[in-house]
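Each remark here refers to the structure printed beneath this line.
The values are calculated or read from the model by the stated rules, or taken from the named source; none is laboratory data. Since the model is a prediction, treat every value here as computed from it, not as a measurement. Neighbour counts are summed over all protein chains in view; Cβ atoms, including those assigned to glycine, are modelled from backbone coordinates with ideal geometry.
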Amino acid sequence: MFDWLFDTWSRFGGEILIAFAETYYMVAVAFGISLVLGTAIGMVLSLCGRGAPFENQAYSLPLSVAVNIIRSVPFILLLIIMAPFARLMIGTAYGIYASMISLSIVGTANVSRLVEQAIADINPQLFQTAHSMGAKRYQVIWEFVLVEAKSSLILGFTSAIISLIAYSTVVGVIAGGGIGYLALQEGFYMWNQPLMWVIILLMILSVQIIQLTGSALARMVDKKGKS
Amino acid sequence: MITVNSVSKSFTTKAGSVSALKDISFAITPGEILGIVGKSGAGKTTLLRILSLQTIPDEGQLRFQGREVDRNAHPASLRELVQHSATVFQGFSLVYNRTVLENTALPLKLRGVKRSVREAKAMEMLQFVGLDNRAGAYPITLSGGEAQRVAIARSLVTDPAILFLDEPTSALDSRTTREILDLLKKTHQTYSVTMVLVAHHIDVVRYMCDRVLFLENGRIAQLGPIKKSTEFHISKIDDIWVDCNV
């Protein structure tokens, strides 16, 4: 019954492993950049927005508009319009490294909104409490915001990683490498249905593992429902 | 200790400018328990926010611990002044991902106090409020009364000169209210800390306060000593029925 599966694995196993390694390399780098930039932007969006504790719309409004613009552009079109920028930055518009640029941009926009949402769920009185203790701004963020939002942030980051994996399959269009490229070249253009199914099954499995790990980690750090 | 002179505060809403406080002048003397009462929207919370330096008045002078506070005050000097006081909020406002001990020690952590020193002081305060046995618990496991005791312990850990109490018993049942009020009285007697108590219920201020400031439409309607009550009456369920011989 599963002969086709073993047959496909024996023929393409090596290529599939390399493609997965490329995908996770792209996603890891893009997520690393998104984590830093997206968290910082998300903080500004939530803490400097209208009525927020550090209200300063001169920062939050332009960033909010920029994030909305990035999120409005379909990823495949973003890849295309970013090609000249990638060429300027790294000398080529194709391949893994060019893909990482677009993935980092869309990842940053995604993470920033997820961080904004996670912080919005914090009890607003906590900011008054921090102020009443004479907390400095970085202490408000470090000792209150990140501590209370860590569970929501972990779930948000998990969601962002899974979105990046999905986006990474699209970069096959610009010969970006990874599992998407293999699926497109061998699975679609060569119409290799068994290979397509093997890739889909492996993708399902890896996303399940990431989500389960993220959820378990979020539950572990969340003390709001534990003794 | 704190002096306000001709203080006013307005807020801008969609409907236009709303005046929350008008021409408020009074002084808080060291060691007293001052009650602030008034109907909803009378300006109690705004006044408490001004006194606790969470907001700066639009007009008038505010002197806190002998120092003038205005819009030009440097954030660092404001923070330094704020650290002379502590606030207990109605909703306890604990950090739920920190243990009771970590919550209590948090104000000291913000001031860079060494872990062993701050935890020893936090334990001392938890003993004072009778919750040293719950030091390792997370706030989600506490009752409302216990959570407020932790908030009180946390407010005392820095030895504040003045304690602001923003309706600290509004979220509690009458028996727990009595326990918290007795704890606050014990705090006042033990540490001689000045207290400013915003309350909805007149019984609470009669039981707690030396003087009361009554706000009406953002103005002081009355300010002075009150007839104190030594009892805080708790109605029992049997007391409320018109006829219980059914």
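Scan the range B:94-131 for residues that are more than 20 Å from B:L142 (Cβ to Cβ), out of contact with any helix residue (DSSP H, G or I) (no Cβ under 7 Å at 6 or more places or on another chain) and either of a type in the set (D, E) or touching a residue at least 24 places away in the same chain (Cβ under 8 Å) (or both) and report the count.
Counting residues in the range B:94-131 that are more than 20 Å from B:L142 (Cβ to Cβ), out of contact with any helix residue (DSSP H, G or I) (no Cβ under 7 Å at 6 or more places or on another chain) and either of a type in the set (D, E) or touching a residue at least 24 places away in the same chain (Cβ under 8 Å) (or both) gives 1.
Could you tell me whether any residue of the range A:57-79 is modelled with pLDDT of 90 or more and assigned to a loop (DSSP other than H, G, I, E, B)?
Yes, because at least one residue in the range A:57-79 is modelled with pLDDT of 90 or more and assigned to a loop (DSSP other than H, G, I, E, B).
Can you tell me which of A:F188, A:F157 is among the aromatic types (F, W, Y) and at pLDDT 95 or above? Can you show your working first?
Working: A:F188 fails: at pLDDT 95 or above.
After applying the criteria, what remains is A:F157.
Considering the range B:43-82 alone, what residues qualify as being facing chain A (nearest Cβ under 8 Å) and under 20 Å from B:D23 (Cα atoms)?
The answer is B:S52, B:Q54.
Considering each of A:G177, A:G156 in turn, give the residue that is on the phi > 0 side of the Ramachandran plot and among the small types (G, A, S).
That would be A:G177, the only listed residue that is on the phi > 0 side of the Ramachandran plot and among the small types (G, A, S).
Take the residues in the range A:161-190 that are within 19 Å of the chain's Cα centre (by Cα) and of a type in the set (A, V, I, L, M), then tell me which one is farthest from A:L35 (Cα to Cα).
Within the range A:161-190, the match that is farthest from A:L35 (Cα to Cα) is A:I179.
When you check A:S151 against the structure, is it assigned to a helix (DSSP H, G or I), over 23 Å from A:F20 (Cβ atoms), within 14 Å of chain B (Cβ to nearest Cβ) and touching a residue at least 40 places away in the same chain (Cβ under 8 Å), yes or no?
In short, yes.
Which condition breaks for B:S155 when tested against (1) facing chain A (nearest Cβ under 10 Å); (2) surrounded by fewer than 20 Cβ atoms within 10 Å (Cβ to Cβ); (3) polar (S, T, N, Q); (4) under 17 Å from B:K186 (Cβ atoms)?
All conditions pass for B:S155, except number (2).
Could you pull out the residue among B:D23, B:D70 that is touching a residue at least 24 places away in the same chain (Cβ under 8 Å), over 30 Å from B:E146 (Cβ atoms) and not hydrophobic (A, V, I, L, M, F, W, C)? It would help to see each step written out before you state the result.
Numbers: B:D70 fails: touching a residue at least 24 places away in the same chain (Cβ under 8 Å).
So the residue among B:D23, B:D70 that is touching a residue at least 24 places away in the same chain (Cβ under 8 Å), over 30 Å from B:E146 (Cβ atoms) and not hydrophobic (A, V, I, L, M, F, W, C) is B:D23.
Rundown of residues vs (1) within 23 Å of B:T194 (Cβ to Cβ); (2) of a type in the set (S, T, N, Q); (3) within 13 Å of another protein chain (Cβ to nearest Cβ), yes/no style:
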{"position": "B:S116", "(1), (2), (3)": "no, yes, no"}
{"position": "B:A137", "(1), (2), (3)": "no, no, yes"}
{"position": "B:L142", "(1), (2), (3)": "no, no, yes"}
{"position": "B:D159", "(1), (2), (3)": "yes, no, no"}
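Please work out which residue is farthest from B:I36 (Cα to Cα), limiting yourself to the range B:148-175 and to residues that are assigned to a loop (DSSP other than H, G, I, E, B) and polar (S, T, N, Q).
Filtering the range B:148-175 for residues assigned to a loop (DSSP other than H, G, I, E, B) gives B:157-161, B:167-173.
Remaining after also requiring polar (S, T, N, Q): B:158, B:169-170.
On the way: B:T158: 24, B:T169: 14, B:S170: 14 Å.
Here the answer is B:T158.
Any idea how many residues of the range A:100-123 are at the interface with another protein chain (Cβ under 9 Å from one of its Cβ atoms) and part of a helix (DSSP H, G or I)?
First, pick out the residues of the range A:100-123 that are at the interface with another protein chain (Cβ under 9 Å from one of its Cβ atoms): A:123.
Those still in the list that are part of a helix (DSSP H, G or I) too: none.
Selection size over the range A:100-123: 0.
Name the single residue that is farthest from A:E55 (Cα to Cα) among those in the range A:124-137 being more than 7 Å from every other protein chain (Cβ to nearest Cβ) and surrounded by 16 or more Cβ atoms within 10 Å (Cβ to Cβ).
The residue in question is A:A130.
To keep it simple, each residue is scored yes or no on (1) modelled with pLDDT under 95; (2) buried (at least 17 other Cβ atoms within 10 Å of the Cβ).
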{"position": "A:L5", "(1), (2)": "yes, no"}
{"position": "A:G14", "(1), (2)": "yes, no"}
{"position": "A:V36", "(1), (2)": "no, no"}
{"position": "A:I41", "(1), (2)": "no, yes"}
{"position": "A:G49", "(1), (2)": "yes, yes"}
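Go through the range B:83-101 and report how many residues are over 29 Å from B:F64 (Cα atoms) and at the interface with chain A (Cβ under 9 Å from one of its Cβ atoms).
Matching residues across the range B:83-101 total 4.
Considering only residues that are surrounded by fewer than 21 Cβ atoms within 10 Å (Cβ to Cβ), in contact (Cβ under 8 Å) with a residue 12 or more places away in the chain and more than 7 Å from chain B (Cβ to nearest Cβ), which ones fall in the range A:138-148?
A:I141
Return the residues of the range A:189-227 that are without any contact (Cβ under 8 Å) to a residue 12 or more places away in the chain, within 14 Å of chain B (Cβ to nearest Cβ) and surrounded by fewer than 16 Cβ atoms within 10 Å (Cβ to Cβ); say none if nothing qualifies.
Scanning the range A:189-227 gives A:M220, A:G225, A:K226, A:S227.
Looking at (1) in contact (Cβ under 8 Å) with a residue 12 or more places away in the chain; (2) under 17 Å from the mean Cα position of the chain (by Cα), which is the only condition B:R49 fails?
Among (1) in contact (Cβ under 8 Å) with a residue 12 or more places away in the chain; (2) under 17 Å from the mean Cα position of the chain (by Cα), B:R49 violates only (1).
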